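Laboratory data are not the source of any read-out in this text; all were calculated from the coordinates shown. As the structure is a computational prediction, the values presented were derived from the model and not from experiment. Cβ placement follows ideal geometry from the backbone for every residue including glycine, while neighbour counts extend to all protein chains displayed.
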Amino acid sequence: MIRNSINLLTKKLISSTSCQRTRMRCFSSGATNLVDVNVNDKTGIAVVTLNRPPVNSLNLELLTDLSKTLDELESNRSKGMILTSSSKTVFSAGLDILEMYNPEPERSKAFWTALQDVWLKLYGSPYPTAAAINGHSPAGGCLLAICCEYRVMVNDFTIGLNETRLGISAPSFFISSFRNVLSTREAEKALTLGTMFSSDEALKVGLVDEIATDKADSINKCENFLLEFKKVSSMARAFTKQSLRKKDLEELENNREQDLQLFLFAINQPIVQKGLGAYIQSLKKK
Ligand SMILES: CC/C=C\C/C=C\CCC/C=C/CC(=O)SCCNC(=O)CCNC(=O)[C@H](O)C(C)(C)COP(=O)(O)OP(=O)(O)OC[C@H]1O[C@@H](n2cnc3c(N)ncnc32)[C@H](O)[C@@H]1OP(=O)(O)O
């Protein structure tokens, strides 16, 4: 009995050694482990890493893991979250196009519902959030970044809501979170043109807050931003953020079914399927 307890303790110690070196607690979000979470014991800040190679495209499983992670952070009264990616060149390639091509009805419902859940939890989170954008961030990848309150982008990558370039309109909750960051004028121009901004252009227009030299620098800068909230009451902070975002959040909360039906209708149009098929082929041919 005692030996078993010692074995268990030894196993726990071994498995947590790499985290202890940096005073981090590690946990993974669920069964599929597509999201890694490291909580710094000293600051209470969680680094949440999207880990679905090769490009972190957002499929049902990744969205479900992310959604569970956001629940855990909220119930653990997180001091803050930094969202980043395990890839060296891609933050997230956006929605997984294979989830929308030849869709299976039940799965596509679950997929869109999971995306809505992630958006509501991330955009409305009571804890402060920052994105360390260490790679390209088109469409749904940009969505995750603009849900956060602060963005630090590593040089030489691109970010934007490029949906019109794919022949579709960005869904309304993509647009409202984009408008929360950019002026209506800049948002309209970028959304209608489907602009993908370079890091410098994104900084100039206000889509990102700082530029970083590499991933470590971007995480450091995000951490500095989050640490500023040590001086602020977390309740007052959360209330203020949620009041500012309330209209956008309620818009989706009150119209979830309608938004889902619009998505299902759109992806089931033969012309959209044809476009998606061609787009998948063009990505494969690159
Ligand atoms: C399009 C939707 C149309 C209709 C639906 C209607 C309405 C619903 C609402 C739609 C909202 C959509 C929001 C989105 O997020 S759509 C997704 C938009 N994303 C993109 O356009 C990004 C496409 N990818 C890229 O540009 C590049 O991959 C990237 C710059 C991210 C990285 O380039 P890199 O050279 O590093 O990698 P690749 O060789 O291109 O890719 C590696 C493999 O990954 C596959 N891949 C890439 N992106 C996706 C994706 N978004 N979904 C699924 N798979 C993806 C790519 O095909 C390669 O696969 P293999 O060849 O290795 O099999």
Q: Would you work out if the stretch 214-259 is rounded, prolate or oblate? Take a ≥ b ≥ c from the square roots of the eigenvalues of the alpha-carbon gyration tensor; rounded if a/c is under 1.5, else prolate when a/b is larger than b/c, oblate otherwise.
A: oblate
Q: Determine the dipole magnitude for the chain: charges of +1 sit on the beta-carbon of Lys and Arg, -1 on that of Asp and Glu, nothing else is charged, the reference point is the Cα centre, and the result goes in debye to the nearest 20.
A: 780
Q) Among 256-269, 75-88, 189-202, 136-149, what's the highest-first ranking by average C-beta atoms within 10 angstrom per residue? A) 136-149, 75-88, 189-202, 256-269
Q) What nm distance separates the two modelled labels at Glu104 and Glu74, each placed 7 Å from Cα along Cα→Cβ? A) 2.9
(Q) When a/c reaches 1.5 or more, the comparison of a/b and b/c decides; with that in mind, is the stretch 167-286 rounded, prolate or oblate per its Cα gyration tensor? (A) oblate
Q) When the chain is fully extended, how far beyond the present Cα-Cα distance does Leu283 get from Thr164, taking 0.36 nm per residue of separation? A) 41.1 nm
Q) In deg cm²/dmol, rounded to 500, what helix-only [θ] at 222 nm does the chain give when every DSSP H run of at least 4 residues adds -39500 (n - 2.57) and the total is split over its residues? A) -16500 deg cm²/dmol
Q: Report, in whole Å, the centroid distance computed from the Cα atoms of the stretch 198-234 and the stretch 119-175.
A: 14
Q. Could you put Tyr150, Tyr123, Tyr101 in order, starting from the residue whose Cβ has the fewest other Cβ atoms within 10 Å?
A. Tyr101, Tyr150, Tyr123
Q.
Taking just the alpha-carbon atoms of the chain, what radius of gyration and Dmax come out, in angstrom?
A. 19.4, 69
